[in-house]
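Quick notes on the structure that follows.
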Amino acid sequence: MGYTGAVTDYLVRMRYDVPSLEIREKGNWRRWWHKAIPVFMTLVGLVAPKFEDWFYENTVTTLGDTIYLPLGHDDGVKYFSKNFQRYGLLRHEAVHLRDWFANPVWFPFSYTLVLPAVWTTRFKWELRGYAQNMIVEMEETGFVQYATVNWICDNLGTSAYLWAHTSPRRIIESIRDQILDKKISGEYPDFEITKET
Ligand SMILES: [Zn+2]
């Protein structure tokens, strides 16, 4: 039902580009260095227990060629097919996966420069991901609700991404305008993101 066909097709194409792609449940860590995540989250949990719970229960995390689903989920087709928002989430994670493989050293290095700042490279990578959430909404409904902009601002401007950006709204609105004008579209668009955007 819903987006099963679109998700299945998309995963087939992703596996063509990245044959080692796997979708797993958080906790079922695939590679030794992925186990740094629970160690890091335990430390974060000492000061922000809600953040740790939220990370495990509500977020999808992509590490290299592995997409981790929230606890209780290990079926990618089922998870991402639920509605267009979930399908948009798959397209978001796919951008991270492609950006990672296009920049195998720079992506993980720059993404994890975690100091809160007005501008972090993590913010740029995430904007490329969140553009997909808006693009899928545009494809499915012909519009991008302002609620979606608010949701992205809430995510990117707060502790959820360790304050990737302190005031992201203007930049996100600009990307939304370009999506509404169909200047930005498709699964892996190349678009400029500058501090002045
Ligand atoms: Zn992301």
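The values are calculated or read from the model by the stated rules, or taken from the named source; none is laboratory data. Please read all numbers here as calculations on a predicted model, not as lab measurements. So basically every Cβ, Gly included, is an ideal-geometry build from the backbone, and we count neighbours across all protein chains shown.
With the structure loaded, tell me whether Arg122 is within 17 Å of the chain's Cα centre (by Cα) and at pLDDT below 85 or whether it fails that test. Yes, satisfied. For beta carbons closer than 8 Å, sequence separation of 6+ or different chains, a first residue in the range 123-135 that is in the same structural domain as Asp154 (by TED's automatic domain parsing) and a second that is β-branched (Val, Ile, Thr) and within 9 Å of the ligand (Cβ to nearest atom), the qualifying pairs are Arg128/Val95; Gly129/Val95; Ala131/Val95; Gln132/Val95. Would you say Val144 is surrounded by 15 or more Cβ atoms within 10 Å (Cβ to Cβ), among the hydrophobic types (A, V, I, L, M, F, W, C) and either within 16 Å of the ligand (Cβ to nearest atom) or modelled with pLDDT of 90 or more (or both)? Taking the combined requirement at face value, the residue satisfies it. Residue by residue through the range 16-28, note down the ones that are out of contact with any helix residue (DSSP H, G or I) (no Cβ under 8 Å at 6 or more places or on another chain) and either hydrophobic (A, V, I, L, M, F, W, C) or under 30 Å from Val39 (Cβ atoms) (or both). Those that are out of contact with any helix residue (DSSP H, G or I) (no Cβ under 8 Å at 6 or more places or on another chain) and either hydrophobic (A, V, I, L, M, F, W, C) or under 30 Å from Val39 (Cβ atoms) (or both): Pro19, Ser20, Glu22, Arg24, Glu25, Asn28. Beta carbons closer than 7 Å, at least 6 apart along the sequence or on distinct chains, pair a first residue in the range 165-186 that is of a type in the set (Gly, Ala, Ser) with a second that is part of a loop (DSSP other than H, G, I, E, B) and surrounded by 14 or more Cβ atoms within 10 Å (Cβ to Cβ) for Ser167/Gly157; Ser174/Thr197.
A single member of Phe55, Phe107, Phe40 is farther than 24 Å from Glu187 by Cα, surrounded by 19 or more Cβ atoms within 10 Å (Cβ to Cβ) and free of Cβ contacts under 8 Å to residues at least 60 places away in the same chain, and it is Phe55. Taking His92 and the conditions (1) surrounded by fewer than 17 Cβ atoms within 10 Å (Cβ to Cβ); (2) under 23 Å from Thr148 (Cα atoms), which numbered condition does it fall short on, given that it satisfies the others? Single failed check for His92: (1).
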